[in-house]
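*Asks:* What follows is a single structure, and I will ask about it in a moment.
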Amino acid sequence: MMATTLAEKIIARAAGRDRVRPGEVVTAQVDLAMIHDSGGPRRVQPILETLGVGLWDARKVVLISDHFVPGDTDEGARILELTRQWAKQRRVSFYDGQGICHVVLPERGHLAPGMLVVGGDSHSPTGGAFGAYMFGVGATEMAGVLATGEIWLEVPGTILLEWRNRLSPGVTAKDMMLALCGRLGMDGGGYQAVEYAGPAIAALSMQERMTLSNMAAELGAQAGLIAPDATTAAYLETAGATPGDWQGLRTDADAALAAHHVFDAAALAPQVAAPHSPANAMPVGEAPDTAIDVAYIGACTGAKYDDLAAAAAILRGRRLAPGVALLVAPASRQDQERAAADGIMAVFEAVGGRLLPNACGICAGYGAHRLGEDVTCISSTARNFKGRMGAASAKVWLASPLSVAAAAVTGRITDPRALLAERGAA
Amino acid sequence: MAGRVFLVGDDIDTDQLAPGRYMAGGVEALAQHCLEGVRPDFARTVRPGDILVAGRNFGAGSSREQAVEALRHLGVAGIVAHSFAGIFFRNAINLGLPVMTAADLGAVADGDRAELDVAAAALRLPDRGETVALAPLADNLRALLADGGLVPHLKKRFAAREAQR
Ligand code: SF4
């Protein structure tokens, strides 16, 4: 048996082949298609009508409303209504206002290791955290998938990102990812598959792993994989999914790689990325002294249960700096409920944080809380492109939920470890 | 039918092809401003059948399909580059715009008459009597292009299925 990568194993199976090689173009059978209210029904339905066909298999389509939730504009309300009607007619699984698609999909048990999944959103690599080959496509391709259940893909090379040792306290998956964006650049992934491995990855929770896979998109990779392990299996069982036969789903030790980078997790400091690119990453200690107006805990990559818990660990028993607004948009309803049960939501309430819907919200530039002119924001989201979260003059710094919470307390970009240490001493 | 070569450099991104600030004007407006940052005369002078020849990482940036639509709207017959950004490459094939790579494009000059032969994987330069070898496209991608992109390709497939019934 030739040694193969995790990506090759999944793609070969989906393409009905014994093995595939990087650079080959194959046609794969799609195990699941995920669409949302923005890129979904309103865009694919006209194409399906042109083709004069229905869905290839409604049981393999999941629709999630998240971009236009809560539908507080005329346009948003109209799009949500169209989305709901389509879900009803087409009888697909539909989660309405339950949270952000990339978080809801695994949490409701739709993902399992070894699947080939296509998503109508650029952060679809998130599914790679579960050992699924998941990637994002535009509306035309999604319509093709919905009509046929097939998609072509060029077998990618694998860029192995190996993280040795363990993260130190106060350092998170988001910090790893911002450091990678800074090191490799936003096209460092070259539309190949990146794979995260090593003891630091094995030690991460599933939600932290999801942050890494999610932001494979910021590296310009097609997929962001993590080989499934006992942590994956435990998460899937809780979510009601069947982990299946995942033991062999890994990159063989002597498989040919496109590149192999090694990092020391223990040496990593918390990172921030300056406006207007995730690649503008630097250790928080090297960031210029910057006052902030808004602290945003939100998005698929920065407001899951683990992210909320991290932020609350900083905020508990403290106050917001004068003039700073803290906005919290938990990534899913389930995560919010869990956080409420654990007293985490009460911490945000106690400091005067404003709770926003379980939706994309200002990460996608929607809603009443979009950033105004000249506002400086520190955000747990994945992208800080100019104008994305509101006014083009707004400046967005990306950081971990810990660092966002720390900045909310001091009013300036702050190393969260200082606040954690204070707590330790008390 | 030979067109002319428009030569551009590395890292032409989707914002240069379909500038975000003209998005509201639809493909017509986007096409009028296509590549204006690097070739201010491009939209005015390009004619159907012309070919873009580029460096590395053509089409980097966002996944917007409009970047391809703007070029198609102007009648660009194809793009030959050292390399393409992954999502742009997918979008181009799926919308029926030939995109091909070549290891060496040193023989091509701006304004050359040129003809792109997808099936033969060749860029012909009749005035120079030269032919630049291109990396061949996989059969299924060639079939997509031959039909004009994914939607017409599927239409044909579904029609054939219908006819068999
Ligand atoms: S939260 Fe932001 S990054 Fe995540 S799916 Fe929504 S818009 Fe995209």
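Read-outs: derived from the displayed coordinates by stated rules, not from any lab. Because the structure is a prediction, the values reported are computed rather than measured. Neighbour counts run over all protein chains shown; Cβ positions are idealised from the backbone, glycine included.
*Asks:* What ranking of A:348, B:58, A:385 emerges when the number of other C-beta atoms within 10 Å of each C-beta is taken as an exposure proxy, fewest first?
*Replies:* Ranking A:348, B:58, A:385 by Cβ neighbours within 10 Å, fewest first, gives A:385, A:348, B:58.
*Asks:* Separate question: Pull out the extension gain between residue A:266 and residue A:368, defined as 0.36 nm times the separation in residues minus the alpha carbon to alpha carbon distance; nm, one decimal.
*Replies:* That works out to 32.7 nm of additional length.
*Asks:* Over all alpha-carbon pairs of chain A, lay out the pair-distance distribution in 10 Å bins, whole %, shortest bin first.
*Replies:* Values per bin, smallest distances first: 5, 23, 33, 26, 11, 2, 0.
*Asks:* Once each part is reduced to its C-alpha centroid, what is the distance from region B:74-101 to region A:259-281 in angstrom?
*Replies:* Rounded to whole Å, the Cα centres lie 32 Å apart.
*Asks:* Using just the helices of chain A, give the 222 nm mean residue ellipticity in deg cm²/dmol: DSSP H runs with n ≥ 4 each add -39,500 (n - 2.57), and the total is spread over all residues, rounded to 500.
*Replies:* Value at 222 nm, helices only, nearest 500: -9500 deg cm²/dmol.
*Asks:* Would you calculate the separation in nanometres between label points at residue A:349 and residue A:81, each defined as 7 Å from the Cα along the Cα-to-beta-carbon direction?
*Replies:* For the pair residue A:349/residue A:81, the computed spacing is 3.4 nm.
*Asks:* Follow-up question, since we're still on this one. Label-point separation (nm) for residue B:147 and residue B:28, each offset 7 Å from Cα along Cα-to-Cβ?
*Replies:* 3.1
*Asks:* Here's a follow-up. With θ set to phi - 60° and the Karplus curve 6.51 cos²θ - 1.76 cosθ + 1.60, what are the ³J(HN,Hα) couplings of region B:31-45 in order, to the nearest whole Hz, using x for Gly and Pro?
*Replies:* Result, ordered by residue: 4, 5, 10, 4, 6, 5, x, 9, 9, x, 8, 4, 4, 6, 9 Hz.
*Asks:* Ok, one more. Sort B:56, A:383, A:354 so the one with the fewest other Cβ atoms within 10 Å of its own Cβ comes first.
*Replies:* Fewest to most other Cβ atoms nearby, the residues stand as A:354, B:56, A:383.
*Asks:* Additional query: How much net charge surrounds residue A:352 when only the other residues with a Cβ under 15 Å from the Cβ of residue A:352 are counted, with Lys and Arg +1 and Asp and Glu -1?
*Replies:* It works out to a net charge of +2.
*Asks:* Taking R0 as 22 Å, what FRET efficiency do you get between residue A:183 and residue B:38 from their Cβ-Cβ distance, rounded to the nearest 0.05?
*Replies:* My answer for the efficiency is 0.20.
*Asks:* Determine the distance separating the Cα centre of region A:133-174 from the Cα centre of region A:327-388; give it in Å without decimals.
*Replies:* 25
*Asks:* Enumerate by residue number the trypsin sites (Lys or Arg not before Pro) in region A:42-123 meeting two conditions: DSSP loop (anything except H, G, I, E, B), and at most 16 other Cβ atoms within 10 Å of the site's Cβ.
*Replies:* A:91
*Asks:* Calculate the FRET efficiency for residue A:50 and residue A:423 from the Cβ-Cβ distance with a Förster distance of 51 Å, rounded to the nearest 0.05.
*Replies:* 0.30
*Asks:* Hey, another quick one. Quick one: length gained pulling residue B:21 to residue B:45 fully straight, 0.36 nm per residue minus the C-alpha distance?
*Replies:* Additional length available on full extension: 6.4 nm.
*Asks:* Let me know the shape class of chain B, please: from the alpha-carbon gyration tensor, a ≥ b ≥ c as square roots of the eigenvalues, rounded when a/c is under 1.5, otherwise prolate if a/b is greater than b/c, or oblate.
*Replies:* oblate
*Asks:* With unit charges on the beta carbon (Lys/Arg positive, Asp/Glu negative), name the residue among A:73, A:378, A:228 whose Cα is farthest towards the positive pole of the charge dipole of chain A.
*Replies:* The residue sitting most towards the positive pole is A:73.
*Asks:* Continuing with this model, one more query. To one decimal place, what orientation-averaged projected area in nm² is obtained for the convex hull of the Cα set of region A:271-419?
*Replies:* Reported value for the Cα convex hull: 7.4 nm².
*Asks:* Going by how many other Cβ atoms sit within 10 Å of their own, how do A:376, A:381, B:45 line up, fewest first?
*Replies:* B:45, A:376, A:381
*Asks:* Given a cut-off of under 8 Å on Cα pairs at least six residues apart, what relative contact order in percent is computed for region A:271-419?
*Replies:* Relative contact order, region A:271-419: 35 percent.
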